[in-house]
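Participant: Let me give you the structure first, and then I'll get to my questions.
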Amino acid sequence: MRKIAPEAFPFLLPLAGLAGLSVLLRRPRMALVAGGLSGAVSWFFRDPHREPVLDREALVSPADGVVVTVRYLTEHEDFEGPVFRVGIFMRIFDVHVNRAPVSGRVLKVAEARGEKLPAQREEAFRRNEKRFYWFERDDGVPVLMVQVAGLLARRTVSYVRPGDEVLVGDRVGIIKFGSRVEVFFPAEGARILVREGHRVRAGETPLALIPWRNP
């Protein structure tokens, strides 16, 4: 069970070395600063255990944070028919490990270059750097998740590849520092369970219920 995301170690190892060297050189203030920075990095990259949602019709939050967008769209290029769009803003204090919103298969992962606008702005979704994840739920329902880099975010990281099978709540990626995550899904029959301003937890908070499609 991971408690710190692996992306933390390129930061932690130099800080730990600096702290150790400062102790040997009898530089207590520098050792204290390095130790404090190590703690801050460990806290930011924390990866806590989450209890998965067992309802197969539940689409769960892929991110910790605050719901900033709930929209009904009459069309979207990746879907047939209208869709719901739910956007979640992740503050720098939130857990930044992102999780699968449904159980199923990863169809495609793609990255798009862009700007570094503050992630809470609506235009950030259109203009900022992004990474796209296309999922197919076990009953064939398509779901699109998008990691959106923010003002402080320098990079999105994917843990999955096309063809991978995932369970709801599995880790699929991380965004380094403040950012947002968007999720799109078919609107037909779906029931939204959150509103703008609601706080949500990755892998645990249901965003919507999507009726199961019989094969």
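Participant: Residues with amide H under 5 Å of S103's amide H, sequence separation 5 or more or different chain, H placed in the peptide plane at 1.01 Å from N; which?
Facilitator: Close amide H contacts, sequence-distant or interchain: D138, V168.
Participant: Among residues other than G140 whose Cβ falls under 11 Å from its Cβ, what is the net charge (Lys/Arg +1, Asp/Glu -1)?
Facilitator: Taking every other residue near G140 into account, the sum is 0.
Participant: Given axes a ≥ b ≥ c from the Cα gyration tensor, I'd like to know whether segment 58-209 is rounded (a/c under 1.5), prolate (a/b larger than b/c) or oblate.
Facilitator: rounded
Participant: Which order do the peptides 193-199, 204-210, 47-53, 99-105 come out in when sorted by mean C-beta neighbours inside 10 angstrom, highest first?
Facilitator: 99-105, 204-210, 47-53, 193-199
Participant: Can you find, among G169, A208, V181, the residue farthest towards the positive end of the dipole of segment 58-209? Put +1 on the C-beta of Lys and Arg, -1 on that of Asp and Glu.
Facilitator: V181
Participant: Residues with amide H under 5 Å of N98's amide H, sequence separation 5 or more or different chain, H placed in the peptide plane at 1.01 Å from N; which?
Facilitator: V172, G173, I174, I175
Here, each number is a calculation from the coordinates, and none is a lab measurement. None of the values given here were measured: they were computed from a predicted structure. FYI the Cβ positions are ideal-geometry reconstructions off the backbone, even for glycines, and counts take in every protein chain you see.
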